[in-house]
Amino acid sequence: MTDNKNFDVIIIGGSYAGLSAAMALGRSLRNVLVIDSGLPCNRQTPHSHNFITQDGEKPSVIAKKAKEQVLKYDTVKFVNELAISGKKIEKGFEVTTQSGKVFSAGKLVFATGLKDEMLNIKGYSECWGITVLHCPYCHGYEVKNQKTGILANGYGAFHLSRLINNWTKDLTIFTNGKSELTQEQTDEIKRHHISIVEKEIAALKHKDGVVEEIVFSDNSTFQLEAIYSRPPFEQHCKIPELLGCELTEQGLIKVDAFQKTTVDNVFACGDNTNPLRSVSYAVSTGNNTGVFLNNVLVEEDFSK
């Protein structure tokens, strides 16, 4: 905890993107405060993959090591709290936490991630990130050639069927109701020997998040070992919208090539800006944000 309430930059979100931005700024001698509530979206995921030097490591271990390394830079401070509001003030921004603490800074970075909306299927949330998977690049190798399902409909199901077919040929699409696939999409899927099941799903039978079978509303079942699903999401933090940051049609924070939002002196990075949901991507955009933001501060300092 810190008594200093005025910073060059406040970063809201202290997971991979936020810590990466903090490291770049700390190494640039900037006074930085990271505010984090400790609820990353991948907290149930047992292992992180496709991140070189950390392949197969637990996400919590990566985050812990990252935090320890970042906090070695003495101009970076960390507060384990939930940021609940932010407002523009004369010399920047003011951020208030759930406990009532108030901090100010000239620049803001939102590295707040996304909140996945769990489907109303018994067992779904318990399996999420374990055997109900969102990304084959993150988890596909570990479930390659296994009996796999795709829980999706319409174009989403068609897209995933083409993608996941690369990792396994034992593939079934579950539309959880009447199929919304076009006839052309259906024909192409079936040409690749992928079945389509239109029954409504009541539950996922599992053991400690490891799915065993789908249970349909008619009490019939289907055994399988992994399911790909991309549920709806929303911004984990509403402060960017309250400050006037524009969102894309997909509900992501709109940023330019320099991670700037549509509000002056407000930046964003990580999952909240892009559908590529991966640790490596979050780290990359966080680092870029720190560098771009420091360049802005350098220009401002040098012009005084």
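Counting Lys and Arg as +1 and Asp and Glu as -1 over every other residue whose Cβ lies under 13 Å from the Cβ of residue 195, the net charge comes to +3.
For the range 124-274, the share of DSSP beta bridges that are antiparallel, to the nearest 5, is 45%. Only helices reaching 20 angstrom along their own axis (Cα) with mean Kyte-Doolittle hydropathy no lower than -1.0 count here, and for the DSSP H runs of the chain these are 279-302.
Based on Cα contacts under 8 Å between residues 6+ apart, the chain shows a relative contact order of 22 percent.
Counting other C-beta atoms within 10 Å, and keeping those with at most 13, which DSSP coil GluC sites (Glu not before Pro) do you find in the range 27-114? Passing sites in the range 27-114 are 90. The shape of the chain can be summarised by an equivalent ellipsoid whose semi-axes, obtained from the alpha carbon gyration tensor, come to 41, 19, 17 Å from longest to shortest.
Between 214, 89, 227, the Gaussian network model of the chain with springs among Cα atoms under 10 angstrom shows the greatest mean-square fluctuation at 89. What you get for the chain, charging only the Cβ of Lys and Arg (+1) and of Asp and Glu (-1), is a dipole of about 540 debye around the Cα centre.
For residue 255, what is the net charge nearby, where nearby means another residue's Cβ is under 15 Å from its Cβ and Lys, Arg count +1, Asp, Glu -1? Display every interim value, and only then the final one.
On the way: positive: 107, 254, 260; negative: 241, 246, 249, 256, 264, 271.
Local charge sum for residue 255: -3.
Size check on the range 58-178: the Cα extents along the three principal axes, sorted descending, read 57, 34, 25 Å.
I need the GluC sites (Glu not before Pro) found in the range 161-214, filtered to DSSP loop residues with at most 16 other beta carbons within 10 Å of theirs. Write down the numbers at each step before the final one.
Details: sites: 180, 184, 188, 198, 200, 212, 213; in loops: 180, 198, 200.
Passing both the DSSP loop test and the Cβ count: 180, 198, 200.
The aspartates and glutamates within cross-link reach of residue 147, meaning a Cα-to-Cα straight distance under 15 Å and a gap of 8 or more places when in the same chain, are 170, 212, 213, 225. For residue 150, nonlocal amide neighbours, meaning residues 5 or more places apart or on other chains whose placed amide H falls under 5 Å from its own, are 172, 173, 174, 228.
The DSSP beta bridges internal to the chain are antiparallel in roughly 40% of cases.
Simple rule: put +1 on each Lys or Arg Cβ and -1 on each Asp or Glu Cβ in the range 67-179, find the dipole, and look at 103, 140, 175; the Cα lying farthest toward the positive end is 175.
With contributions of -39500 (n - 2.57) from each DSSP H run of at least four residues, the per-residue ellipticity at 222 nm computed over the chain stands at -7500 deg cm²/dmol. Using a simple charge model, +1 on the beta-carbon of Lys and Arg, -1 on the beta-carbon of Asp and Glu, nothing else, what dipole does the range 145-304 show about its Cα centre, in debye to the nearest 20? Rounded to the nearest 20 debye, it is 420 debye.
Run a plain Debye calculation on the range 146-225 (Cα atoms as equal point scatterers, no solvent) and give log10 I(q)/I(0) at q = 0.17, 0.19, 0.27 Å⁻¹, rounded to two decimals, same order as the q list. For the range 146-225, the Cα-only Debye profile gives -0.64, -0.79, -1.33. So what does the Cα-only Debye profile of the range 142-286 read at q = 0.16 Å⁻¹, as log10 I(q)/I(0), no solvent term? So the normalised log intensities work out to -0.93. Identify the trypsin sites (Lys or Arg not before Pro) of the range 79-144 meeting these criteria: DSSP loop state and at most 15 other C-beta atoms within 10 Å of the C-beta. Answer in residue order: 91, 101, 144.
Taking Lys and Arg as +1 and Asp and Glu as -1, the other residues whose beta-carbon sits under 13 Å from that of residue 75 total +2. Within the same chain, lysines fewer than 8 places from residue 178 are excluded, and of the rest, those with a Cα less than 19 Å from its Cα are 190, 199.
Coordinate-derived values only; no laboratory data. Everything numeric in this text was worked out from a predicted model, so none of it was measured. Ideal geometry is used to build each Cβ from the backbone, glycine not excepted, and the neighbour counts take in all protein chains shown.
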